Amino acid sequence: MRCVLVTGKGGAGTTTVAAATAVLAAQRGHRTLVLSLDPAAGLAGTLDHPVGAEVTELEPGLAGAQVDLRRAVATRWPAVREVLAGSWPSIDVDPVELEELAFLPGAIETLTLLELRDVLASTEHDVVIVDGGPVAGLLRLLAFPETLSWYCRRLLPPDGAFARWLRPGFGWATAFGGRFGNLAAPAYDTVSRVHRAAVDLRAILTDHAATSVRLVLTPDSGALAAARGSLTALALHGFTLDGVIVNRIFSPAGADAWRAGWAAAHREALTEITAAVAPTPILPVGYRPGEPVGLEELAAFGAATYGELDPAGVLGASAAGAGDQPRVDRTDDGFALSFGLPFVDGSQIDLARLGDDLVVTIGAFRRAVPLPAALRRCDVSAASMRGDRLVVSFVPDPDRWVRA
């Protein structure tokens, strides 16, 4: 199963590109599902076909669906309610109602990712093309499994200081007895399952062969900054960018003075983007008077965009240092943890050690990197950028290091 996440700046044509990619992939022999995570729900209008929460066949080999969070809550809530039903009277609280779940922190992200996980676990399709909406929102969503896993690790052994409170038969559950003890087993089991689901989904999303991100831009004055910022954020979280689609480029052919000026500006922007993200492939798409609507027009748009490339495959490599996972090397003094962070310098990075995690912050984006066992017994001695890689040096802590 392949998953292609299509995202970009608002108004760049992300939904159009996602739909066209799916239509072309289906026509070239892949069993394809196009799935929209965007709450704006513009996919149905672009396909010119009703698309809802249920997977709908659009044509042979092509299906479409729109994530419906309210339906997802209604579908999953009965199982959760059944587990907790016996505990409500004993703890003297009113049962949580369906509508209240939407206000829980992280509920929207969790439900969206569970829907995506279920789709990716299916064997009915060869490739899932995801209309991910604006890049900032998709990045927060993609980073959520690791964030959720971090919180779960704080609750569960061996990391969690509160595990003894939740573990049935111990600590908190025993001390308070039946009133709250009845919730210990369901709570502990729920946190454990959420942790496993988060780890599994994170593994799928960061598998370079299985999942890649495709970025959609327009060749305006902010395109280069948007490309750099998106690539930095993707690299921070370990995601792979396999292609950049630059949409709505003016052609210089037969243009008047006004259009010729735009064509020259677009050509310059395209050159800058190509140089910045190399060796990631750039797919230029000419300007059209209107957005393509319907399967026939989308197929033509997709063919003009991808040419002979396989829209369901990995188009190319990410820019140098982007999308790789943290690497640990031995040094003369101890160890070095490093990973790619293109287009940043040391002044833009904030680092903090939080227990067994290294917290890396760049602007609005933050990642808690779990440290391997050896580095947990070390202290951070230095950090610097070496080319496009962040290198953090560790030295063993004599008080915690195991001596032979």
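Which order results if 232, 46, 123, 56 are arranged by neighbouring Cβ count within 10 Å, fewest first? Working shown, then result.
Working: 232 21, 46 25, 123 7, 56 17.
Fewest to most other Cβ atoms nearby, the residues stand as 123, 56, 232, 46.
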* Per-residue Cβ neighbour rank within 10 angstrom, fewest leading, 285, 55 -> 55, 285
* For residue 360, what is the net charge nearby, where nearby means another residue's Cβ is under 9 Å from its Cβ and Lys, Arg count +1, Asp, Glu -1? -> +1
* Can you list the HN-Hα couplings for region 50-61, worked out from phi with the Karplus curve (6.51, -1.76, 1.60; θ = phi - 60°), rounded to whole Hz and with x for Gly and Pro? -> x, 9, x, 5, 7, 5, 10, 6, 9, 6, x, x
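Suppose every K and R has +1 on its Cβ and every D and E has -1 on its Cβ; what is the size of the dipole of region 354-404 about the Cα centre, in Debye to the nearest 20?
So the dipole magnitude of region 354-404 works out to roughly 120 debye.
Considering only the other residues whose Cβ falls under 12 Å of the Cβ of residue 299, what net charge follows from Lys and Arg at +1 and Asp and Glu at -1? Don't jump to the answer; show the numbers that get you there.
Values: positive: 28; negative: 59, 296, 297.
That works out to -2.
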* Could you go through region 375-390 in sequence order and give the Karplus-derived ³J(HN,Hα) for each residue, using 6.51 cos²θ - 1.76 cosθ + 1.60 with θ = phi - 60°, rounded to whole Hz, and x for Gly and Pro? => 6, 5, 9, 10, 10, 6, 9, 6, 8, 7, 8, 10, x, 9, 10, 8
* To do: Would you mind counting up the charge near residue 287? Only other residues with Cβ under 10 Å from its Cβ, with Lys and Arg at +1 and Asp and Glu at -1.
  => +3
* Asked: Considering amide H positions built from the backbone, and no H for Pro or chain starts, which residues 5 or more places from residue 283, or on another chain, come under 5 Å of its amide H?
  -> 244, 245, 246
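Every number here is computed from the coordinates shown, using simple stated rules; none is lab data. Since the structure is predicted, the reported quantities are computational estimates derived from the model, not experimental observations. Please note: Cβ atoms are built from the backbone with ideal geometry, for glycine as well, and neighbour counts cover all protein chains shown.
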